[in-house]
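Take a look at the structure set out below.
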Amino acid sequence: VWSGGNASGKSTLVSQIGLASISERHKVAMFSGEMTASRVREWLLLQAAGPDYVEEDKLNPNHFCLKPGVEAKLDAMLKGKFAIYDNDLGTDWEIVMNTVYDWTRQNGASVVIIDNLMALDIPVVTLDKYDMQSKIVKRFSAMAKELNVHIHFICHPRKTEAFLRKGDISGTA
C-alpha cells in the first residue's frame with residue numbers, strides 16, 4: 001500500500017516500479033482511476049524514455065514530449081507487457097477487478113497496480129464505504145495469492161495534520 005499527500009509522487013513511483021518490473025521480464029497490469037488510459041500511457045512513455053529522449057514541448061511550455069522516433073521503440077518494448085485498464089469501460093470495482101484478473105491470468109502478469117483504491121466505484125448498499133473497501137482489498141489479496149502476483153495499491157489518506165497512521169488509509173486494515 002502506497003500512500004501520501006496530493007502530488008507527493010505516489011503514481012510516478014509506482015509507475016516506475018512497473019517499468020522496472022518489465023525490465024526484469026515481468027508483465028504488468030495497471031488501473032488508474034484518475035487518468036485516462038491514453039494519459040497514463042503518455043506518462044509511462046515519458047518515464048520510460050528518460051531525460052535523454054524527451055524534449056520541451058514547443059506548444060506547451062513547462063511540458064515535455066518524446067523526441068522523434070522514440071515512441072515507436074517504447075511501444076514495441078511495452079507491447080504485451082504493460083496493460084492499462086481503459087476507463088471507458090467504467091470504474092465499477094467488479095468490472096475493474098474482473099478485467100485486471102482476466103488479463104493478468106491470460107498474459108502471465110506478475111505485477112498489478114491499482115491507482116487508486118478510492119477511485120473505484122463502490123455500490124454502498126449493505127456495507128459502509130470503508131467495509132466495502134476492505135472487502136475489495138481482500139478480493140485483490142485473494143487474486144494475488146491465486147495468481148502469484150504482487151499488487152501495489154495507491155490509497156489516499158484521510159485528511160490529517162499529524163503523521164500518517166495505518167488507520168488513516170481507509171480500507172487497508
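The values are calculated or read from the model by the stated rules, or taken from the named source; none is laboratory data. Note that the structure is a prediction, hence the values are computed from the model and not measured. Here the Cβ is made from the backbone with ideal geometry for all residues, glycine too, and neighbour counts use every protein chain on show. The area values use the complete protein model at the heavy-atom level, side chains included, leaving out ligands, DNA and RNA. Shrake-Rupley method; radii C 1.70, N 1.55, O 1.52, S 1.80 Å.
Near Phe82, the amide H atoms lying under 5 Å from its own belong to Val28; only residues 5 or more places off or on other chains count, and H is placed 1.01 Å from N.
Given the convex hull over the Cα atoms of the stretch 1-81, what projected area results after averaging over all orientations, in nm²? It would help to have the intermediate numbers written out before the result.
Details: hull surface 25.1 nm².
Hull-based average projected area comes out at 6.3 nm².
Over all other residues within a Cβ to Cβ distance under 15 Å of Thr104, the charged ones net out to +3, with Lys and Arg as +1 and Asp and Glu as -1.
How many percent of the accessible area of the chain is carbon or sulfur, using a 1.4 Å probe?
Values: 5400 of 10190 Å².
Its accessible area is 53 percent carbon and sulfur atoms.
Modelled spin labels at Asp128 and Ala20, positioned 7 Å past Cα toward Cβ, are 3.7 nm from each other. Would you work out which of Pro51, Ala142, Gly80 lies farthest towards the positive end of the dipole of the stretch 1-145, given +1 charges on the beta-carbon of Lys and Arg and -1 on that of Asp and Glu, about the Cα centre? Comparing the listed Cα positions along the dipole, Ala142 ranks first.
Around Asp121, under 13 Å between beta carbons, what's the net of Lys plus Arg minus Asp minus Glu among the other residues? Every neighbour counted, the sum reads -1. What you get for the stretch 35-102, charging only the Cβ of Lys and Arg (+1) and of Asp and Glu (-1), is a dipole of about 280 debye around the Cα centre. For semi-axes √(5λ) of the Cα gyration tensor in Å, the choices are (i) 29, 20, 14; (ii) 32, 21, 12; (iii) 25, 20, 15; which was calculated from the structure? This structure yields the entry labelled (i). Amide hydrogen proximity for Phe64: with H placed 1.01 Å from N in the peptide plane, the residues at 5 or more positions away or on another chain lying under 5 Å are Asp57. Only protein heavy atoms count here; on that basis, with a 1.4 Å probe, Glu24 has an accessible area of about 130 Å². Computed with a 1.4 Å probe over protein heavy atoms only, the accessible area of Lys81 comes to about 80 Å².
Dividing the summed -39500 (n - 2.57) terms of all DSSP H runs of n ≥ 4 by the residue count of the chain sets its mean residue ellipticity at 222 nm at -13000 deg cm²/dmol.
Quick check: net charge around Cys65, other residues with Cβ under 11 Å of its Cβ, Lys/Arg +1 and Asp/Glu -1?
Local charge sum for Cys65: -3.
Counting 0.36 nm for each residue step from Leu13 to Lys145 and taking away their Cα separation leaves a gain of 45.1 nm. Rolling a 1.4 angstrom probe over the protein heavy atoms with all chains in place gives the chain an accessible area of 59 Å² per residue.
With both partners inside the chain, how many of the DSSP beta bridges are antiparallel, as a percent to the nearest 5?
Numbers: 3 of 18 bridges.
Bridges in the chain that DSSP calls antiparallel: roughly 15 percent.
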